[in-house]
Every structure is written in structure tokens, then in C-alpha cells.
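The structure under discussion appears below in the form of C-alpha cells.
The values are calculated or read from the model by the stated rules, or taken from the named source; none is laboratory data. All values derive from a computational prediction rather than experimental measurement. Ideal geometry is used to build each Cβ from the backbone, glycine not excepted, and the neighbour counts take in all protein chains shown. Surface accessibility is based on the protein's heavy atoms, side chains included, excluding ligands, DNA and RNA. Shrake-Rupley method; radii C 1.70, N 1.55, O 1.52, S 1.80 Å.
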Amino acid sequence: MAEIYDAKEVLRLKTRVTYVGALVNIFLTIIKIGVGVFGHSASLIADGIHSLSDLISDFFVIIAIKLGSREADHDHPYGHRRFETMATVLLGLGLVVVAGGIGWDATERLLDPEKLLTPNKETLSIAIVSILANEWLFHYTKRVGEITRSKLLLANAWHHRSDAFSSIVVVIGIGAALMGYPFADAIAAVIVGFMIAKMGVSLVLESINELVDSSLPED
């Protein structure tokens, strides 16, 4: 796939893909948390919070893209692309915090069986919709990230992929709960939290390496 070097076209593509992602995540956040609450699924609620973190990260990306697209100046002779890297660090830290909250809540439910939720069939359908939507967003964002050479967009693409994976875990957890295993939904929520934390730590470490010039390409 040919890379694009025209600054205006790069900015247009980056902005469009991020706004599309934000709109999809608004929809997924509302529908997953809403159906999760009324459908009694801790794992779907956790997955909805994951989508909310995606939405917040989309806003970080939009801001970083605007700042990072500025030309080099006297104070920034190498340009402003490091703004994207800093936003990626914040994105990663945010994921770790969100993951901690999800894990804490799910663990409390596991330790107190009376707090366990029993999901209904509608929650399973929403989780499947989430898988399809996030997998599409992953491929779309990854393609734009590659042709615009944006590390931040590529990070955001894998964020979408992690959300798709977490929704797969939710499907398994809800399915097992519907089959008579009440702990499955809460266990799925814990796994989702772990996946979010792992992705967050990875993004932070990779971005720190770039900020100290240990991973920038030679050109």
C-alpha cells in the first residue's frame, strides 16, 4: 500500500478515520453499558467501559493529530510529531486505570456470590455486534495508519482490535452464564480488565522508548 506524503491529505485521512472511530465508539459505549445494566451483565458493562476508553482515546488522537501536523519551527526544529507519542502515553495510562477499576469490581462480585449478575440473551447479541464493529474499525484505522505513517493511529487500531478480543471473551462469558455457570460473566469481566491493562502498559513502554530516541527509525 503506497504511503501518502502530502501534509494536507495526511491530515484529512487521519482526522476522518478518527472521527469515524469516535462515532462508532459513542454508539458502542451507549448500547453496551445500557444493555449491560438492564441485561445484568458485568462483562458487557466492562466492555462498554472499554469502548468509552476508546472514545476518550479518539479525542486524544484528534487533538494530537492537530498538534502533530504543525510544521517545524524555531522551538521545534524536528516538527511536532512527538505530540502524538505523548498522547499515546496518556492513552496507555488511561487504559491501565480503567482496567484496574473493572478488575476490582468484578473481583468483588466473585468474592460475594450474592452480587453476581445473571445476563439475558440480548447481552449476547450486543457483544457479537461489538466484535464485528471493532474488527472493521481495526482494519480501517490500521490501513490509514500505515499509509500516513502514524504510530498513534496504529496504536489506536490495535486498541480497536483489543476491544474486539474483549468482546469475544464477553460472548464466551455470557454464553457460559446462560448455560448455568453464574461465575462466568464476572470471570470474563476480570479477563477483559487484564487485556485492557496489558494493552495500556504496552503502549506506554513503546512510547517511552520513542521519546528517549531508542526506537525511532533512522530516516
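At-a-glance table
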| quantity | calculated |
| --- | --- |
| Rounded percent of accessible protein surface that carbon and sulfur make up, the range 161-210, 1.4 Å probe | 78 percent |
| Largest-first principal axis extents, alpha carbons of the range 112-191, Å | 50, 23, 13 |
| Per-residue ³J(HN,Hα) for the range 48-59, Karplus 6.51 cos²θ - 1.76 cosθ + 1.60, θ = phi - 60°, Hz, x for Gly and Pro | x, 5, 4, 5, 5, 5, 4, 5, 4, 5, 4, 5 |
| Listed peptides 189-195, 29-35, 56-62 by packing density, highest first (mean Cβ within 10 Å) | 189-195, 56-62, 29-35 |
| Derived scalar couplings ³J(HN,Hα) [the range 87-102; Karplus, 6.51 cos²θ - 1.76 cosθ + 1.60; whole Hz; x for Gly, Pro] | 5, 5, 4, 4, 4, x, 4, x, 5, 4, 5, 4, 4, x, x, 5 |
| Inter-centroid distance (Cα atoms) of the range 9-25 relative to the range 118-176, Å | 17 Å |
| Added length on full extension, which subtracts the Cα-Cα distance from 0.36 nm per residue, E9 to L110 | 31.3 nm |
| Solvent exposure ordering (accessible area, 1.4 Å, most first) of H160, H40 | H40, H160 |
| Sequence-distant lysines (8 or more away, or on other chains) whose Cα lies within less than 17 Å of K66 | K8, K14, K151 |
| Estimated distance in nm for a label pair at F38 and H139, the labels positioned 7 Å out from Cα along Cα-to-Cβ | 3.2 nm |
| Karplus-derived HN-Hα couplings along the range 15-26 (A = 6.51, B = -1.76, C = 1.60, θ = phi - 60°), whole Hz, x at Gly and Pro | 5, 4, 5, 6, 5, 4, x, 5, 5, 4, 6, 4 |
| Set of lysines with alpha-carbon distance to K121 below 24 Å, sequence-local pairs under 8 removed | K32 |
| Y140, Y19, Y181, reordered so the largest accessible area comes first (probe 1.4 Å) | Y181, Y19, Y140 |
